[in-house]
Amino acid sequence: MITERERLMWYAWSKKEEIGYGETRKLLLYYGNIEELYRLSKEEITQIPWISERAKKRMMEPYEEETEYNAYMKLSKVGAHFILPEDEAYPTQLKQMYDPPWFLYYKGDTPALDLPCVAIIGARACTAYGATIAKELAKKLATRKIQIISGLAKGIDGYAHKGALEAGGRTYGVIGSGLSHCYPKENEYLYEEVSKHGGILSEYPMHSQAIPFHFPIRNRIIAGLSDSIVVVEAKEKSGTLITVDSGLEQGKDIYAIPGKITDPLSIGCNRLIQNGAKLVQSAEDIIEELSVRYPYLQKKRKKSKQQMILLDEEVTEEEKCILKELDFEPIHLEQLLERTSYSITKVMEILFVLQTKEFVKEISTNYYIRLVAFAYH
Amino acid sequence: MFSKTFCATTHGIEGIPIQVEADVSDGLPCFDMVGFLASEVKEAKERVRIALKNSEFRIPPKRITINLSPADIRKEGTAFDFPIAIAILVASGYIPQENVKDCMMVGELSLDGHLQRVNGVLPIAYSAAIHGFKRFILPYDNAKEGAVVSELDVIGVRTLQEAVEYLLGGRIIEPTFVDVDTLFATTEKIQTEDFADLVGQKLMKRAVEVAVAGMHNIAIIGPPGAGKTMIAKRIPGIMPPLEWNESMEISKVYSIAGMLGEDQVLVQQRPFRSPHHTITPTALVGGGRIPTPGEISLSSGGVLFLDELPEFQTRTLEVLRQPLEEKNITITRLQGNYTYPANFMLVTALNPCKCGYYPDRNRCSCSVEQVKQYLGKISRPLLDRIDICVETSPVEYQDLTNTVQGESSASIQKRILQARKLQRERYEDAGIYYNALLNAKQIKKYCRLEREEEKVLENAFSTLNLSARAYHRILKVCRTIADLAGEERIRKEHLYEAISYRSLDKKYWGDL
């Protein structure tokens, strides 16, 4: 069991960002435990050869238990928690990592142990195709009680969280800044929602900024939390692939959504498939693999379908005709007029109905995209 | 001896008669002018003296006093030279006083005694007729402009000498005559730009038709070179032809701005004004130390086209808000309030993003934030006054080489006239002319939806995430679409169409 004293010390330690993960590891190996580290005198610290000057400076700072205690107690006021690997809330999956975080800050909850976790990750500058797939996939998985893990970033990450939230599922975001910072700003609403319907986790102290080098480090936690990692869209050189690498090191299953070979945002995914990642055509492809470890998933709800997303509701002939012309690439209303035989008002009517059914979206004035995969014969 | 003549000054677009009083009496020789004069009016003294001398009139070395009354109105401009000269001649006994009664005079004198053209003749002629004047003597160059008012004998003179001879009865000058009716009859044939030149672009044409039918302000979005300006230029051509009163009102503004000339005595076509985006607020709405009408007044009755809307200074665009509501602009200056008409249809064109190609991701490299930021430059209140928004479709090579003619402006105009007629009949008691002017209360009264249609709109609100402001705009546009179809009841298909024209809103932008 960990004592309250040690916990406070770790809390104080967590704020010394200048001390790297590896340095902490070496210090602990050499001196035994956290209490010993605080007992070191200034002279002793200066003599340690294998840590940086900046880290030494932070280590020399005096430790005042009372100030730390007050700061620690304030965490709960903003709904944040500070946990160590010894705590029950600490996700057990992480302990199997080579480099589990020494501590975690979180808001909301941490992922439940008995339910599968799937990470859906991808490019920030995604296409409509990637966005739709990420969202739909997350939706489908979340309805089967699968927890969706992602990075709360722009693009694919955001859509994965949105999909899970829409399905009423649990979703967890691992962020590269302190919990009191929301980066990027436009995800603020999402940030709130995710902390209510799941949780937000971070390895960084509350007020830490989103610094670029944080992101690759937090990616290992995303990989560590998940049973499987799905890459939706990635360029040839992408930060997403760091998560994949770290997932591979930890022995996780990697999935990728295929794309057109001409699309730069699909090169990363297609390459992964080439190298042995499982190609995903539908959420069932992932659920199937997971069901080995999570038997409750074996019970198929409905007959699985070949297409990932197929229209459940019936569409009329007219709607079909318009859907056929639409794609994930924006198409102008004028082009639809040229390609179909309908009048302007008719096309507008059909588009409106399709929009209310959420099969189609107007992404900019008079430009439409199709949101659903559509099999036509 | 005392004498008086009449001239006029403009105030807003109205003419105000001014009485020029001259007194020539014994005393030390001097020339004094009083009556709240601007500096260019004070300078008239020199011009008048020398013009008189060079026209071979001898001014007696006496004490000359000129008063322009009413003395509490500020007098500006050079139109007073001529009446002052005549007043002096009357007071000096060259011309009998009764020869100048009922006679309005304006004109600038050059030193050799020639009369130069002045601005604002049309409103002056109008007020002269109203105030019971019989004759209007003015520079020859302005004669046709003044002759539009048929109640007056408009006498165009070239020199001071000529004017004096006329007033003494020694010379007969025929009143200038302009046949206004034939002028109007020929107007329609002058159209040069026709919608028939536009191939394809069915959606755009339809949206423009709806906009004109209800006088809705419209925003045209499109990449560079998609023909936005081409469309805008053709809009005046499908508006209903100018009516006499409208033409008079517009012509008055043009007269004051000095934009009427020998070849154009009346504005016969709906104006199309397209100021550059570097325009200042004053130039746009009018103003200046001596208030003059701005672009919004010059485009009254026609189209004000603002190309590259986000490039305009924010302050410039903000001044449009009030005139868009009130349909006129009141400029307040130290000297008083000036009201000019501003009953224009606003047509704006803008690129969808900075590079202009959004949402074509192959060509556009703007991030979603950049796209939003570009639109964000335009303020919410201004966007709220734009009822219809359409995006041009990409122009393909076949479109450019296609020789098939589109529908002509004339046939579009026919439908618009029909819709306008319906509106005029409906709003006879409401005091408005077209759907764009409907206020919230009137919308409730005239844009009633049946239960079925109500449901569609309700559905649209929840799924398309519409704002409350969009609600009224959609209903107004709906009304116009129904009018174009000749139906009193707003139907579902009208609603669908109106919804797809809903105005641009930042939140629709970019988010997938």
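Quick check on B:ALA485: is it out of contact with any helix residue (DSSP H, G or I) (no Cβ under 6 Å at 6 or more places or on another chain) and modelled with pLDDT under 85?
Numbers: out of contact with any helix residue (DSSP H, G or I) (no Cβ under 6 Å at 6 or more places or on another chain): yes; modelled with pLDDT under 85: no.
Criteria not met by B:ALA485.
Being under 17 Å from B:THR159 (Cα atoms), in the same structural domain as B:THR9 (by TED's automatic domain parsing) and hydroxyl-bearing (Ser, Thr, Tyr) is the requirement here; does B:THR78 meet it?
Values: under 17 Å from B:THR159 (Cα atoms): yes; in the same structural domain as B:THR9 (by TED's automatic domain parsing): yes; hydroxyl-bearing (Ser, Thr, Tyr): yes.
Against the criterion (under 17 Å from B:THR159 (Cα atoms), in the same structural domain as B:THR9 (by TED's automatic domain parsing) and hydroxyl-bearing (Ser, Thr, Tyr)), B:THR78 qualifies.
Table: residues versus (1) in a strand (DSSP E or B); (2) in contact with a Leu (Cβ under 9 Å, 6 or more places away or on another chain); (3) closer than 27 Å to B:VAL148 by Cα.
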| position | (1), (2), (3) |
| --- | --- |
| B:SER255 | no, yes, yes |
| B:LEU260 | no, yes, yes |
| B:ASP263 | no, no, yes |
| B:GLN268 | no, yes, yes |
| B:HIS276 | no, no, no |
| B:THR282 | no, no, no |
| B:ARG289 | no, yes, no |
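Would the range B:199-214 turn up any residue that is assigned to a loop (DSSP other than H, G, I, E, B) and without any contact (Cβ under 8 Å) to a residue 40 or more places away in the chain? First the steps, then the outcome.
If we filter the range B:199-214 for residues that are assigned to a loop (DSSP other than H, G, I, E, B), which is where we start, we get B:199-201.
Still in the list and also without any contact (Cβ under 8 Å) to a residue 40 or more places away in the chain: none.
No, because not a single residue in the range B:199-214 is assigned to a loop (DSSP other than H, G, I, E, B) and without any contact (Cβ under 8 Å) to a residue 40 or more places away in the chain.
Can you spot a residue in the range A:139-156 that is under 21 Å from A:ILE363 (Cβ atoms) and more than 14 Å from chain B (Cβ to nearest Cβ)?
The initial filter retains those residues of the range A:139-156 that are under 21 Å from A:ILE363 (Cβ atoms), namely A:139, A:153-156.
Now narrow it down to the ones that are more than 14 Å from chain B (Cβ to nearest Cβ): A:139.
Yes, the conditions are met somewhere in the range A:139-156.
Tell me which helices (runs of 4 or more DSSP H) are completely within the range A:23-132 and hold 2 or more residues being more than 14 Å from chain B (Cβ to nearest Cβ) and within 32 Å of the chain's Cα centre (by Cα), or say none if there are none. Full working, then the answer.
Values: elements: A:34-39, A:42-47, A:53-59, A:65-75, A:92-95.
Where helices (runs of 4 or more DSSP H) fall fully within the range A:23-132 and carry at least 2 residues being more than 14 Å from chain B (Cβ to nearest Cβ) and within 32 Å of the chain's Cα centre (by Cα), they are A:53-59, A:65-75, A:92-95.
For the range B:321-338, check the following and say yes or no: at least one residue is within 14 Å of chain A (Cβ to nearest Cβ) and either over 20 Å from B:SER297 (Cα atoms) or not small (Gly, Ala, Ser) (or both). Before you say what the answer is, go through the steps one by one.
Our first condition is that a residue be within 14 Å of chain A (Cβ to nearest Cβ); within the range B:321-338, this holds for none.
For the range B:321-338, residues within 14 Å of chain A (Cβ to nearest Cβ) and either over 20 Å from B:SER297 (Cα atoms) or not small (Gly, Ala, Ser) (or both): absent.
Does A:GLY247 meet the test of being touching a helix residue (DSSP H, G or I) at 6+ places or on another chain (Cβ under 6 Å) and of a type outside the set (Asp, Glu)? Steps first, please.
On the way: touching a helix residue (DSSP H, G or I) at 6+ places or on another chain (Cβ under 6 Å): yes; of a type outside the set (Asp, Glu): yes.
Yes: the conditions hold for A:GLY247.
Return the pairs, sorted by first residue and then second, in which the second residue is aliphatic (A, V, I, L, M) and part of a helix (DSSP H, G or I), the first residue lies in the range B:465-476 and is touching a residue at least 24 places away in the same chain (Cβ under 8 Å) and in the same structural domain as B:LYS444 (by TED's automatic domain parsing), the beta carbons are less than 7 Å apart, and the residues are 6+ apart or on different chains.
Taking only residues 6 or more apart or on different chains, the pairs are B:LEU466/B:ALA460; B:HIS472/B:ALA440; B:HIS472/B:ILE443; B:ILE474/B:ALA498; B:ILE474/B:ILE499; B:LEU475/B:ILE443; B:LYS476/B:ALA436; B:LYS476/B:ILE443.
Report the residue count in the range B:312-322 for those that are without any contact (Cβ under 8 Å) to a residue 60 or more places away in the chain, closer than 16 Å to B:LEU383 by Cβ and not hydrophobic (A, V, I, L, M, F, W, C).
Restricting attention to the range B:312-322, the residues satisfying the condition of being without any contact (Cβ under 8 Å) to a residue 60 or more places away in the chain are B:312-313, B:315-316, B:319, B:322.
From the residues that got through so far, the ones that are closer than 16 Å to B:LEU383 by Cβ too are B:312, B:316, B:319, B:322.
Then keep just the ones that are not hydrophobic (A, V, I, L, M, F, W, C); that gives B:316, B:322.
Total satisfying the criteria: 2.
Taking the range A:168-187 only, how many residues are surrounded by fewer than 24 Cβ atoms within 10 Å (Cβ to Cβ) and either touching a Lys or Arg at 6+ places or on another chain (Cβ under 8 Å) or more than 14 Å from chain B (Cβ to nearest Cβ) (or both)? Spell out how you get there, then give the answer.
Kept after step one, since they are surrounded by fewer than 24 Cβ atoms within 10 Å (Cβ to Cβ), are these residues of the range A:168-187: A:168-170, A:177-178, A:180-187.
Going one step further and asking which of them are either touching a Lys or Arg at 6+ places or on another chain (Cβ under 8 Å) or more than 14 Å from chain B (Cβ to nearest Cβ) (or both), we end up with A:168-170, A:177-178, A:180-182, A:184, A:186-187.
Going through the range A:168-187 one residue at a time, the tally reaches 11.
So which of B:ALA125, B:ALA196, B:ALA163 is at pLDDT 90 or above and touching a Gly at 6+ places or on another chain (Cβ under 7 Å)?
On the way: B:ALA196 fails: at pLDDT 90 or above; B:ALA163 fails: touching a Gly at 6+ places or on another chain (Cβ under 7 Å).
After applying the criteria, what remains is B:ALA125.
Quick check on the range A:358-368: of everything there that is facing chain B (nearest Cβ under 8 Å) and not in a strand (DSSP E or B), which residue is farthest from B:ALA226 (Cα to Cα)? Steps first, please.
Initially, the range A:358-368 is screened for residues facing chain B (nearest Cβ under 8 Å), giving A:358, A:361-367.
Those left that are additionally not in a strand (DSSP E or B): A:358, A:365-366.
Numbers: A:GLU358: 30, A:THR365: 15, A:ASN366: 14 Å.
The selected residue is A:GLU358.
A:SER41: among the hydroxyl-bearing types (Ser, Thr, Tyr) and surrounded by 10 or more Cβ atoms within 10 Å (Cβ to Cβ), yes or no? Please lay out each step first, then the result.
Working: among the hydroxyl-bearing types (Ser, Thr, Tyr): yes; surrounded by 10 or more Cβ atoms within 10 Å (Cβ to Cβ): no.
Answer is no for this residue.
Only one residue in A:GLU88, A:GLU68 is among the acidic types (Asp, Glu) and surrounded by 10 or more Cβ atoms within 10 Å (Cβ to Cβ). Which one?
Working: A:GLU88 fails: surrounded by 10 or more Cβ atoms within 10 Å (Cβ to Cβ).
Exactly one of A:GLU88, A:GLU68 is among the acidic types (Asp, Glu) and surrounded by 10 or more Cβ atoms within 10 Å (Cβ to Cβ), namely A:GLU68.
Does at least one position in the range B:430-448 carry a residue that is in a loop (DSSP other than H, G, I, E, B), more than 32 Å from the chain's Cα centre (by Cα) and more than 30 Å from A:LEU265 (Cβ to Cβ)?
Keep residues of the range B:430-448 that are in a loop (DSSP other than H, G, I, E, B), which gives B:430-434, B:438-439, B:447-448.
Add one more test, that the residue is more than 32 Å from the chain's Cα centre (by Cα), and what stays is B:448.
Within this subset, residues satisfying the condition of being more than 30 Å from A:LEU265 (Cβ to Cβ) are B:448.
Looking through the range B:430-448, at least one residue is in a loop (DSSP other than H, G, I, E, B), more than 32 Å from the chain's Cα centre (by Cα) and more than 30 Å from A:LEU265 (Cβ to Cβ).
Go through the range B:443-478 and give me each residue that's surrounded by 14 or more Cβ atoms within 10 Å (Cβ to Cβ), away from chain A (no Cβ under 14 Å) and more than 21 Å from A:ASN366 (Cα to Cα).
Selection gives B:ILE443, B:TYR446, B:CYS447, B:ARG448, B:LEU449.
For the condition in a helix (DSSP H, G or I), touching a strand residue (DSSP E or B) at 6+ places or on another chain (Cβ under 7 Å), away from chain A (no Cβ under 14 Å) and among the polar types (S, T, N, Q), what is the one hit in B:THR182, B:THR229, B:THR176?
On the way: B:THR182 fails: touching a strand residue (DSSP E or B) at 6+ places or on another chain (Cβ under 7 Å); B:THR176 fails: in a helix (DSSP H, G or I).
Going through B:THR182, B:THR229, B:THR176 in turn, the sole match is B:THR229.
Can you confirm whether A:GLU313 is away from chain B (no Cβ under 14 Å), modelled with pLDDT under 85 and not in a strand (DSSP E or B)? Outline the logic, then answer.
Details: away from chain B (no Cβ under 14 Å): yes; modelled with pLDDT under 85: yes; not in a strand (DSSP E or B): yes.
Yes.
Using the structure shown, decide if B:ASP102 is surrounded by fewer than 20 Cβ atoms within 10 Å (Cβ to Cβ), within 25 Å of the chain's Cα centre (by Cα) and touching a residue at least 24 places away in the same chain (Cβ under 8 Å).
Details: surrounded by fewer than 20 Cβ atoms within 10 Å (Cβ to Cβ): yes; within 25 Å of the chain's Cα centre (by Cα): no; touching a residue at least 24 places away in the same chain (Cβ under 8 Å): yes.
Spelling it out, it is not the case that B:ASP102 is surrounded by fewer than 20 Cβ atoms within 10 Å (Cβ to Cβ), within 25 Å of the chain's Cα centre (by Cα) and touching a residue at least 24 places away in the same chain (Cβ under 8 Å).
Among the residues of the range A:22-37, which ones are aromatic (Phe, Trp, Tyr) and surrounded by fewer than 14 Cβ atoms within 10 Å (Cβ to Cβ)?
First, pick out the residues of the range A:22-37 that are aromatic (Phe, Trp, Tyr): A:30-31.
Listed by number, the list holds a single entry, A:TYR30.
Could you check, for the range B:317-333, whether at least one of its residues is surrounded by 14 or more Cβ atoms within 10 Å (Cβ to Cβ), more than 24 Å from B:ARG273 (Cα to Cα) and at pLDDT below 90?
no
Go through B:PHE177, B:PHE136 for me and flag whichever is touching a helix residue (DSSP H, G or I) at 6+ places or on another chain (Cβ under 7 Å), touching a residue at least 12 places away in the same chain (Cβ under 8 Å) and either among the aliphatic types (A, V, I, L, M) or assigned by TED's automatic domain parsing to the domain that holds B:ASN54 (or both).
Working: B:PHE177 fails: either among the aliphatic types (A, V, I, L, M) or assigned by TED's automatic domain parsing to the domain that holds B:ASN54 (or both).
It is B:PHE136.
From B:CYS389, B:CYS364, B:CYS355, which residue is among the hydrophobic types (A, V, I, L, M, F, W, C) and in contact (Cβ under 8 Å) with a residue 24 or more places away in the chain? Give the derivation first.
On the way: B:CYS364 fails: in contact (Cβ under 8 Å) with a residue 24 or more places away in the chain; B:CYS355 fails: in contact (Cβ under 8 Å) with a residue 24 or more places away in the chain.
Answer to the selection: B:CYS389.
Within the range B:236-252, take every residue that is among the polar types (S, T, N, Q) and touching a residue at least 60 places away in the same chain (Cβ under 8 Å) and give me the one that is surrounded by the most Cβ atoms within 10 Å (Cβ to Cβ). Working first, answer last.
Start the filter on the range B:236-252 by keeping residues that are among the polar types (S, T, N, Q), which leaves B:245, B:247, B:251.
Retained after the next criterion (residues that are touching a residue at least 60 places away in the same chain (Cβ under 8 Å)): B:247, B:251.
Values: B:SER247: 22, B:SER251: 25.
Here the answer is B:SER251.
Which one of these is at pLDDT below 90 and touching a Phe, Trp or Tyr at 6+ places or on another chain (Cβ under 6 Å): A:LYS320, A:LYS324? Lay out the reasoning, then the answer.
Values: A:LYS320 fails: touching a Phe, Trp or Tyr at 6+ places or on another chain (Cβ under 6 Å).
Result: A:LYS324 is the single residue among A:LYS320, A:LYS324 that is at pLDDT below 90 and touching a Phe, Trp or Tyr at 6+ places or on another chain (Cβ under 6 Å).
Within the range A:328-345, count every residue that is touching a Leu at 6+ places or on another chain (Cβ under 9 Å) and either facing another protein chain (nearest Cβ under 7 Å) or under 20 Å from A:LYS361 (Cβ atoms) (or both). Steps first, answer last, please.
Step one: list which residues in the range A:328-345 are touching a Leu at 6+ places or on another chain (Cβ under 9 Å), which gives A:328, A:332-334, A:336-337, A:342-344.
Filter once more, keeping what is either facing another protein chain (nearest Cβ under 7 Å) or under 20 Å from A:LYS361 (Cβ atoms) (or both): A:328, A:332-334, A:336-337, A:342, A:344.
Selection size over the range A:328-345: 8.
The values are calculated or read from the model by the stated rules, or taken from the named source; none is laboratory data. Note that the structure is predicted; figures quoted are calculated from it, not measured. Every residue, glycine as well, gets a Cβ built from its backbone with ideal geometry; the counts of neighbours run over all protein chains shown.
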